[in-house]
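**Q** This is the structure I want to talk about, given as structure tokens.
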Amino acid sequence: MLVLDGIDSFYGSSQALFGVSLEVGEGEVVGLLGRNGMGKTTTVHSIFGLVVPKRGRIAYRGHALERRPSHEIARHGLGLVPEGRHVFSLLTVEENLIATARPRPNGPSPWDLAKVYDLFPRLGERRNQLGSRLSGGEQQMLAIGRALMTNPELLILDEATEGLAPLIRDEIWTCLGRLKESGHAILVIDKHIERLAQVADRHYILEKGQVVWSGPSADLLANPSLKHRYLGV
């Protein structure tokens, strides 16, 4: 589905990504790992055109994405749950969800309000509350629901459970497990390696803007030195 091949991205004259290559296939859940500042968010921003790569290729189902505006990229079937959630604070939960809704009539089992409320019953209970009145965990649920309302074929989550209480993290992981079971392709950034490995099929590790390791979850969990060298604080 998604292919990045040799991506070099910059902020001004400072290079942030050095030849990053990765792939996400149909129905796969892929983890993107690394310490803070190693290029994970820049990779996501490069996919969505928020940072324009100077070199390399980004393709989704064979369609070139590099140098396209973000709204065109989203229309190809990519949905983003950004770091920091960025819900619309002066809109209600339901207004947040409706604001991004984009039906895909040819897609299987399209996402609508009823399906989002089934996935996150708490959002249904708070449908008339303003985004600013939600807890951090509820805002993350809303950010995921908002992305799903665009009916994406590939969902990308930047820091899926950052700063959330353990019980809320469990709800998010349960949600991602359900999405995987339904056949959604997902690219996810998160620091909770053991929980991510239970959901993800494969992983890429970034170090100083470069992919330094890739492989399946079993290999990651079986190699403590990888976590110590590239993921430890």
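The values are calculated or read from the model by the stated rules, or taken from the named source; none is laboratory data. This structure is a prediction, so every number in the text was calculated from the model and none was measured. Every residue, glycine among them, receives a Cβ derived from its backbone with ideal geometry; neighbour counts consider all protein chains shown.
**Q** Between Gln210, Gln140, which is under 27 Å from Ser46 (Cα atoms) and assigned by TED's automatic domain parsing to the domain that holds Lys40?
**A** Within the list Gln210, Gln140, the selection yields Gln210.
**Q** If only one of Val20, Val30 is touching a Phe, Trp or Tyr at 6+ places or on another chain (Cβ under 8 Å), under 21 Å from Pro216 (Cα atoms) and either modelled with pLDDT of 95 or more or aromatic (Phe, Trp, Tyr) (or both), which one is it?
**A** Numbers: Val20 fails: touching a Phe, Trp or Tyr at 6+ places or on another chain (Cβ under 8 Å).
Just one listed residue meets the conditions, Val30.
**Q** What is the number of the single condition among (1) in contact with a His (Cβ under 8 Å, 6 or more places away or on another chain); (2) under 19 Å from Pro82 (Cβ atoms); (3) among the small types (Gly, Ala, Ser) that Ala147 does not meet?
**A** Here Ala147 meets the rest and fails (1).
**Q** So, in region 194-209, how many residues would count as being part of a strand (DSSP E or B), out of contact with any Lys or Arg (no Cβ under 8 Å at 6 or more places or on another chain) and crowded, with 21+ Cβ neighbours inside 10 Å?
**A** Final tally of qualifying residues: 3.
**Q** Looking only at region 51-72, which residues are farther than 15 Å from Asp8 by Cα and without any contact (Cβ under 8 Å) to a residue 40 or more places away in the chain?
**A** Gly62, His63, Ala64, Arg68, Pro69, Ser70, His71, Glu72
**Q** Here's another thing I want to ask about it. When the residues of region 109-151 are filtered to those that are assigned to a helix (DSSP H, G or I) and basic (Lys, Arg), which remaining residue is nearest to Leu78 (Cα to Cα)?
**A** The first filter runs over region 109-151 and keeps only residues assigned to a helix (DSSP H, G or I), leaving 113-119, 121-125, 131-133, 136-148.
Filter again for basic (Lys, Arg), leaving 115, 122, 133, 146.
Details: Lys115: 19, Arg122: 25, Arg133: 28, Arg146: 13 Å.
Per the criteria, the residue is Arg146.
**Q** Another question about this same structure. Please pick out the residue among Gly107, Gly56, Gly77 that is over 19 Å from Arg169 (Cα atoms), at pLDDT 95 or above, among the small types (Gly, Ala, Ser) and surrounded by 12 or more Cβ atoms within 10 Å (Cβ to Cβ). Before the answer, list the steps.
**A** On the way: Gly107 fails: at pLDDT 95 or above; Gly77 fails: at pLDDT 95 or above.
Of Gly107, Gly56, Gly77, the one residue that is over 19 Å from Arg169 (Cα atoms), at pLDDT 95 or above, among the small types (Gly, Ala, Ser) and surrounded by 12 or more Cβ atoms within 10 Å (Cβ to Cβ) is Gly56.
**Q** Any residue at all in region 160-174 that is closer than 23 Å to Glu28 by Cβ, in contact with a His (Cβ under 7 Å, 6 or more places away or on another chain) and hydroxyl-bearing (Ser, Thr, Tyr)?
**A** Yes, there is a match, as at least one residue in region 160-174 is closer than 23 Å to Glu28 by Cβ, in contact with a His (Cβ under 7 Å, 6 or more places away or on another chain) and hydroxyl-bearing (Ser, Thr, Tyr).
**Q** Separate question: Go through the residues of region 173-193 one by one and say whether even a single one is in the same structural domain as Val3 (by TED's automatic domain parsing), at positive phi and surrounded by 20 or more Cβ atoms within 10 Å (Cβ to Cβ).
**A** Taking region 173-193 as the starting set, the residues that turn out to be in the same structural domain as Val3 (by TED's automatic domain parsing) are 173-193.
Still in the list and also at positive phi: 183.
Still in the running and surrounded by 20 or more Cβ atoms within 10 Å (Cβ to Cβ): none.
No; the residues of region 173-193 include none that is in the same structural domain as Val3 (by TED's automatic domain parsing), at positive phi and surrounded by 20 or more Cβ atoms within 10 Å (Cβ to Cβ).
**Q** Tally up the residues in region 26-49 that are surrounded by 14 or more Cβ atoms within 10 Å (Cβ to Cβ) and part of a loop (DSSP other than H, G, I, E, B), please. Steps first, answer last, please.
**A** Of the residues in region 26-49, the ones surrounded by 14 or more Cβ atoms within 10 Å (Cβ to Cβ) are 27-35, 38-49.
Filter again for part of a loop (DSSP other than H, G, I, E, B), leaving 27-28, 34-35, 38-39, 48-49.
So the answer is 8.
**Q** Scan region 217-225 and give yes if some residue there is surrounded by fewer than 18 Cβ atoms within 10 Å (Cβ to Cβ) and in the same structural domain as Leu91 (by TED's automatic domain parsing), otherwise no.
**A** Taking region 217-225 and keeping what is surrounded by fewer than 18 Cβ atoms within 10 Å (Cβ to Cβ), we get 218-219, 221-225.
Narrowing further to those that are in the same structural domain as Leu91 (by TED's automatic domain parsing): none.
No, because not a single residue in region 217-225 is surrounded by fewer than 18 Cβ atoms within 10 Å (Cβ to Cβ) and in the same structural domain as Leu91 (by TED's automatic domain parsing).
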